[in-house]
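Heads up: the structure comes next, in structure tokens.
The values are calculated or read from the model by the stated rules, or taken from the named source; none is laboratory data. The model shown is predicted, which means the values in this text are computed figures rather than measured ones. Here the Cβ positions follow ideal geometry from the backbone for every residue, glycine too, while neighbour counts run over all protein chains shown. Protein only, heavy atoms only, side chains kept; ligands, DNA and RNA dropped before computing areas. Shrake-Rupley method; radii C 1.70, N 1.55, O 1.52, S 1.80 Å.
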Amino acid sequence: KLHSDLDKGVGTVKYTLSGDGAGTVFTIDETTGDIHAIRSLDREEKPFYTLRAQAVDVDTKKPLEPESEFIIKVQDINDNEPKFLDGPYVASVPEMSPVGAYVLQVKATDADDPTYGNSARVVYSILQGQPYFSIDPKTGVIRTALPNMDREVKEQYQVLIQAKDMGGQLGGLAGTTTVNITLTDVNDNPPRFPKSIFHLKVPESSHVGSAIGRIRAVDPDFGKNAEIEYNIVPGDGGNLFDITTDENTQEGVIKLKKPLDFETKKAYTFKVEASNLHLDHRFHSVGPFKDTATVKINVLDMDEPPVFSKPMYTMEVYEDTPVGTIIGAVTAQDLDAGSSSVRYFIDWKNDVDSYFTIDATEGTIATNELLDRESTAQYNFSIIASKVSNPLLTSKVNVIINVLDVNEFPPEISVPYETSVCENAKPGQVIQTVTAADKDLSPTGQRFSFRLSAEASNKPNFTVHDYRNNTAGIETRRNGYSRRQQELYFLPVVIEDSSYPVQSSTNTMTIRVCRCDSDGTILSCNVEAIFLPVGLSTGALIAILLCIAILLVIVVLYVALRRQKKKNTLMTSKEDIRDNVIHYDDEGGGEEDTQAFDIGALRNPKAIEDNKIRRDIKPDTLRFPRQRPPVEDNTDIRDFINQRLQENDVDPTAPPYDSLATYAYEGNGSVAESLSSIDSLTTEADQDYDYLNDWGPRFKILADMFGEEESYNPDKVT
């Protein structure tokens, strides 16, 4: 209520109100000055209001007093209950925790004025969740109330928490929230097998590394606390098996480590131990965190393929062994209860396998072709064995056959050497070191020996020094060599091997004589270099040789032209003579000479066909007439002609057109004896034909012809 001292109560004063909430929250009676709230007030919304009031003259509207300011404070009442702003809550605590273990702290908020009364004083309590948990009434801290709470018994708890103001007194307002508490796992339980014996049946044909069974130990813990490790306890049969842990199911997977054989052993027994990987030292007193169980495995009999006595066979055979020779055998057996016979055959893959055959019943391997170690030194193929009772059951084994060498090749010089010796070489100087190679392969290594052949050992040029390490040195035996006398030397070297039978070969080495300096450095090995000055270039040498060749051609042409000119001059008169000699039918003994040689035999075509040697090659050089002693008087001209024919038949350079190879029988009663110039010791130009005039009228024509030729001979012109 507002009142001014100037207000006499006659209605001349008017009161006005302004400020925070004027007209909306508060109103004033203009006459009496009473202030009223026109709506509900909420301290939590606005705890106070600041207003201004003034007294005004009703008539003049002028303020009667200065404006005054006042505050209206809203007094709190308990109209707000406590609230859990963060609820509902989720918490966890390890199982088996002791009493009083901290779980969670909750907090409730009351919007009332904490400075006025007990409206904002909150007290906490548990409405649901006892006797497992407790809460501090003032702080709201939740703790465990029971010891050894087991997660495996109960894992989830829901606790209802109440917060009440007014200090928890009657009439106070209350708020609630829920707290979901989970017991986390600890490794407080060892693994346990549900049964003490596990029975497994395994076929003997199971492959190594395959899983043959599973066993499981139960651990009620969770997560890593439930991880189990399985181990086989050493004992009967344990070395044939292995066990691992399936990470998803925590089962023990038993695997085969070695092959099983029903005929050898039908059952195996061993123990398996299961233990936790992650132990908690707080629970060691509970006992060992492991358990054991017995595993019994019964091996089932299966129809199995034959088994070879060896995993691989290695055999040896000499090359060139006769076809059909047995070189070895393979053996396979059927180990099943009802033993079956076995058949063998070669696993054909390529043509190499055809070099051998195998006996289907005995398994013996024999050669099918001749073997050559130099072609193929080793053969590798497979033999398959199958059961007669069940041919589909087969087994395979590798067979390696090594071909042994037979000493059949002689050693030879390994590489062709270009050997040279200096002209100024000294005796005992090594000019070449040679090595040998042998196509044969000796298991202990070949040993070669070197020596000179018998025909070369007596020559004083070179010798061979065997170093006895499969090498030899070619040494000089002379003091200096001359290219002018001999440019090349051929040295036969005999090389022998050490195998049986001993093989040897003679290798001819070519040694070239070269010009060297004083240090033994080769300067030149060419023949042309002997006659040429030192220091000429290759181009200069070629130019000199070309000039020499041109000069030689000119000389040859000149000589040929001179001879051709002289021949043409002589033939002018000789053509007539030759024709007369060939076609002259009246020489000799005349018609009364009935014992003359039949010239037709010389011109018999059959005799010409019998001579198959081509003799139509004109000789490059001028052949001079053969010098024979003159035919003695009364020698049968038939023998003479036969002798001439035989000489010309075996002479490959005699031209067929040479008139000297054709003869006619002149008769044996001539006073002038033979007219042939073949056996004359003098040349045609040196003979004197004047004696022909003394032979009578029959030789007048012949005397005239030779007389004319003699008078025409230009050599006698002075």
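Before moving on, here are some points about what is shown:
- Restricting the range 266-371 to trypsin sites (Lys or Arg not before Pro) that sit in a DSSP loop and have at most 16 other Cβ atoms within 10 Å of their own Cβ leaves LYS266, LYS349.
- The amide H of VAL406, built 1.01 Å from its N in the peptide plane, has GLU319 as neighbours under 5 Å, considering only residues 5 or more places off or on other chains.
- Mean separation of Cα contacts under 8 Å (6+ apart) over length of the range 242-317, as relative contact order %: 28 percent
- Among CYS525, CYS547, the sequence by solvent-accessible area, most first, with a 1.4 Å probe is CYS547, CYS525.
- DSSP-loop trypsin sites (Lys or Arg not before Pro) across the range 7-69, with at most 11 other Cβ within 10 angstrom: LYS8, ARG39, LYS61
- Considering only PRO288, VAL307, PHE345, the residue lying farthest towards the positive end of the dipole of the range 265-355 is PRO288, judged by Cα position with unit charges set on Cβ.
- 24 Å Cα cut-off, lysine pairs counted over the range 1-130 (separation 8 or more, or different chains): 12
- Residues of the range 212-344: accessible area per residue with a 1.4 Å probe, Å²: 55 Å²
- Largest accessible area first, the listed residues ILE495, ILE400 line up as ILE400, ILE495 when surface is computed with a 1.4 Å probe on the assembled protein chains.
- When only the Cβ of Lys, Arg, Asp and Glu is charged (+1, +1, -1, -1), the dipole of the range 23-163 relative to its Cα centre reaches about 580 debye.
- DSSP-defined beta bridges in the range 284-406 - what % are antiparallel, rounded to 5: 75 percent
- 5 angstrom amide H check on ASP219, placed H, neighbours 5+ away: ARG192
- Put a plus charge on the Cβ of each Lys and Arg, a minus charge on the Cβ of each Asp and Glu, and nothing anywhere else: the dipole of the range 134-225 about its Cα centre is then about 200 debye.
- Amide proton proximity set for ARG477, modelled H, under 5 Å, gap of 5+: GLY428, PHE462, THR463
- Accessible area per residue, Å², the range 69-189 with all protein chains present, probe 1.4 Å: 53 Å²
- For the range 449-517 versus the range 204-237, the gap between their alpha-carbon centres in whole angstrom: 81 Å
- DSSP-assigned coil residues among GluC sites (Glu not before Pro) in the range 357-410, each with at most 14 further Cβ atoms within 10 Å: GLU362, GLU369, GLU374
- Surface share of carbon and sulfur [accessible, 1.4 angstrom probe, percent] for the range 254-330: 56 percent
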